[in-house]
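These notes are about the structure you will find just below.
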Amino acid sequence: MVDLESEVPPLPPRYRFRDLLLGDQGWQNDDRVQVEFYMNENTFKERLKLFFIKNQRSSLRIRLFNFSLKLLSCLLYIIRVLLENPSQGNEWSHIFWVNRSLPLWGLQVSVALISLFETILLGYLSYKGNIWEQILRIPFILEIINAVPFIISIFWPSLRNLFVPVFLNCWLAKHALENMINDLHRAIQRTQSAMFNQVLILISTLLCLIFTCICGIQHLERIGKKLNLFDSLYFCIVTFSTVGFGDVTPETWSSKLFVVAMICVALVVLPIQFEQLAYLWMERQKSGGNYSRHRAQTEKHVVLCVSSLKIDLLMDFLNEFYAHPRLQDYYVVILCPTEMDVQVRRVLQIPMWSQRVIYLQGSALKDQDLLRAKMDDAEACFILSSRCEVDRTSSDHQTILRAWAVKDFAPNCPLYVQILKPENKFHIKFADHVVCEEEFKYAMLALNCICPATSTLITLLVHTSRGQEGQQSPEQWQKMYGRCSGNEVYHIVLEESTFFAEYEGKSFTYASFHAHKKFGVCLIGVRREDNKNILLNPGPRYIMNATDICFYINITKEENSAFKNQDQQKKSNVSRSFYHGPSRLPVHSIIASMGTVAIDLQDTSCRSTSGPTLSLPTEGSKEIRRPSIAPVLEVADTSSIQTCDLLSDQSEDETTPDEEISSNLEYAKGYPPYSPYIGSSPTFCHLLHEKVPFCCLRLDKSCQHNYYEDAKAYGFKNKLIIVAAETAGNGLYNFIVPLRAYYRPKKELNPIVLLLDNPPDMHFLDAICWFPMVYYMVGSIDNLDDLLRCGVTFAANMVVVDKESTMSAEEDYMADAKTIVNVQTLFRLFSSLSIITELTHPANMRFMQFRAKDCYSLALSKLEKKEREKGSNLAFMFRLPFAAGRVFSISMLDTLLYQSFVKDYMISITRLLLGLDTTPGSGFLCSMKITEDDLWIRTYARLYQKLCSSTGDVPIGIYRTESQKLTTSESREIASQDWTSSLVSRKYSVNHLKSQISISVEEWEDTKDSKEQSHHRSNHRNSTSSDQSDHPLLRRKSMQWARRLSRKGPKHSGKTAEKITQQRLNLYRRSERQELAELVKNRMKHLGLSTVGYVLVNDCSSKFQLCFMNTVIQGWSCKQCGR
């Protein structure tokens, strides 16, 4: 074994322990040199400079002493004037000589000596090589004038009574005050307002002018009227205020000359000071000043950080924030780096907002501006991204930096952050509440395809309203729709609730049904006291505890409700009920006719393979009495509840064994193996056993695996869902997941086609290649050929996403112009296509599927204006495209973030409803169709009982459409369709929406009777102007072409002339829709596509045209619609 001690070399002598203790004495023999730094500061001059100038605190003390010394000299001058007896006579000697007592002279000499010594010392320390620069400074000249005569009088006693203008020391005091304030700011490391400094300078300048004028006139009038100081003060005030009474005036020419000189000085100095003050005032108005520290400590405030503040964003925030009673005393401090907009300035001058909203121009990345906003004392900070930018990633990066800066400056301030792209969300995980725009946007677009008007439902839930919209409307559906729009989500502890306290120990389904039956509230979710996860409709297995937090939908929260006894309630119901028809039921309680879709929170406990149905009673019971519905049990019968296996397809319809085998071999259930961004919630989905090669994802190009080049060749059994987007962003992944959720029956899966302007990257393709029937195609909705190739004629829904490149425009509201025109083109070309659109600005929803001469749309426009004049936050809700769920703006979800300040659970509930998050035991949103066979249920209350007793579902609303048929006499034949919606509970993970969609369409053909036709045929050559005004552009061009052809052609035989006349008549009879159909069919033939599918759709459209503009929501009966 090697001896380690022998291997270690000994330490050098100077590193031994003895040398470490006693010091190394051998360093003098080395070649090392000891260097001392900053030797220039060891000189006497540098030490004095360090004490008098460089050191902040000692310099501040010197300035304060100098300021006090100058004030003392002015005070001694006033004392000398007051002690002096006015001498008789008008001799000029009284100007140059005064009476000064010996003690007073001694004090003035002492002050003069100290002041002169300090001035000379500071001049020496600040000397930089030019002595005349030091001597010719005005403060130095004034110091010489006031101090040197007193020093000379020490050696020449006869000069002790010589007059010295000591009152000029006030200007030196003003100069010392300015220097003292600058040193004060440096010492305490806090920059005071420039406005404060300028006001202080202006006041000190004005005081110095007045004091100089007072002392000068009083002294010069010693040979005149012998004015005292008070009379001089009176004269100066009257003169400088331009009043000029004339009772006190200077008498000697010297005093008059002095007054003229002082007025000239004032006319030069004061305007300069006022100009600087006005400039600073204007700049302060732009920047907003500061939020008072005293107010921040005594009042509550929140801070809103934005890149640029628009009037729409401001009003949405203020209306939603101050809609809650307990926030009325809060202040809102807006921190924005840009100058205040003209419209914003006009709004903030309204008294209602000017007393509660403070605008500060500054950056959240500067601690100085955060200090101005008193961020460390704020109750919350809202950080919003600018969505109207071309580079949305850059906007997210700015938001992230703002969030980091606020968290670093005020760690205890709650953060409410809005982010645009999901891949940037993990950077702000520390924020208390985060809303990712693209996640919510694509999830709502997907659910709109399978569950009608999900976007409308979510928007109405997250907006604060009293439900008073539309109550003055003559139409019943607008009253119902407006009243039910006031429903919101509230929470309360079970044992403290009047609504739910009696259901302790009962099942959740029992509590939900009976609370709705008794109080008209809809219990949708619950949360255990020791658990942070919210469960939506946990089903009949869940037993309510006293400490549970209940989440319910109602017009107002329970704390603001009053309860009547049963007798009073019966009398009120009798007096308020109004009846319609022979049914003798309230109009708002009738389910109406077939076509209803119920949106429910569905119970996830397994049922029979036939799925949930509203089964009819026996024939005999139908004739004898009204059919009965099974009661809702207090505690679920465990024997009837089956165990659920997530891997089994419990929602699948009955299939043959061969179909089951082939289906199981094709699809599997599991979690997607690859997520395109960090932070996406895992969702249980239908997946392929093996991922599809990237070449097979391209719809319009064949590869070695398949030879299909268009949607028709694939032979899909279900209709397509087409998504038109600019790029395949990571948020688009959230569109696919809800449509491939595991509880969606395999037979109902719709093929998804992504129509992209730009090719997707490999990361996105890696994420979608595991999902069945998902394809992409590079193209644009501007191109008709691309639309036909992607299978628009076989599509059930066309989703148009607002393009990022068009979100910024010179005029803000023009950002949606291209999207609106493209959707209008789609609507005219493919009338039977259901188009779902996302816009940037909610105000542009009125242009969707625009019809200039539609009387019903004009009436709704007037209704919207009336509601806006009344101050409604939801004036756009009556627009038919929004009410039907065909258009929405993601900016409408900004209120979700604002509402989270009061309801911290709103984001979690919304994510659960949209399927963005999954919680074991929680439900999911789905819809079910109510047909004519289900009308035996009759009322919404009985539907509630039927769903709760049979399937454990909790209905939360009704989606009702009403088609209006226009004839030539403009009469309307109404056929109503109702869609209801419900939530479904799931006792395992993965929860999303499911629905069945049924659309009824009808056609109105533009035809004329034979008399009108013959009249036009005989006079068509002389009616060009009327043709241009009465007919659309395409038909007008066709008629002009026919006329030119008939004029220029040679005279034909009678048979040929009849043929031309017949062709011309056919051209005239062609409607605009037929011309558009011919255009589409010609393009399909040119591309080699079969026109069979489009011909069938067109033939159907000849009888049924989509009357989307007449599609309305009759009512979200979340509360009382069925009672």
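A few points about this structure:
- 3J(HN,Hα) couplings calculated from phi for the range 274-282 with the Karplus curve 6.51 cos²θ - 1.76 cosθ + 1.60 (θ = phi - 60°) are, in sequence order, 5, 5, 5, 5, 5, 5, 5, 5, 5 Hz; Gly and Pro show x.
- Percent RCO, i.e. relative contact order, over the range 766-880, from Cα pairs under 8 Å lying at least 6 residues apart: 20 percent
- Solvent-accessible area per residue, Å², over the range 192-245 with all protein chains present [probe radius 1.4 Å]: 44 Å²
- Heavy-atom surface of the range 690-769, accessible at 1.4 Å and reported per residue (Å²): 39 Å²
- When each of the peptides 448-454, 908-914 is scored by how many other beta carbons lie within 10 Å of its residues on average, the order from highest to lowest is 448-454, 908-914.
- Pairs of Cα atoms nearer than 8 Å and 6+ residues apart set the relative contact order; for the range 308-416 it is 24 percent.
- Percent carbon-and-sulfur accessible area, the range 205-317, ignoring ligands, DNA and RNA, probe 1.4 Å: 66 percent
- For the pair VAL33 and VAL248, the difference between a 0.36 nm per residue extended length and the Cα-Cα distance amounts to 69.3 nm.
- Residue-level accessible surface for THR43, protein heavy atoms, 1.4 Å, Å²: 70 Å²
- Per-peptide packing, taken as the mean over residues of other Cβ atoms within 10 Å, places 734-744, 381-391 in the sequence 734-744, 381-391 from highest down.
- Highest average packing first - 939-948, 762-771, Cβ atoms within 10 Å: 939-948, 762-771
- Site pair ASN718 and GLN368 shows an inter-label distance of 6.0 nm when each label is modelled 7 Å from Cα along Cα→Cβ.
- Over 28 Å (Cα to Cα) - which of LYS669/LYS719; LYS691/LYS719; LYS310/LYS903; LYS421/LYS818; LYS366/LYS818; LYS479/LYS517 fall in this group: LYS366/LYS818
- The orientation-averaged projected area of the convex hull spanned by the Cα atoms of the range 870-913 comes to 4.0 nm².
- Within the assembled protein chains, the solvent-accessible surface assigned to PHE96 is about 120 Å², based on a 1.4 Å probe.
The values are calculated or read from the model by the stated rules, or taken from the named source; none is laboratory data. Nothing here was measured: the structure is a model prediction, and the numbers come from that model. Neighbour counts run over all protein chains shown; Cβ positions are idealised from the backbone, glycine included. Side chains are part of the model used for accessible areas, which takes the heavy atoms of the whole protein and leaves out ligands, DNA and RNA. Shrake-Rupley method; radii C 1.70, N 1.55, O 1.52, S 1.80 Å.
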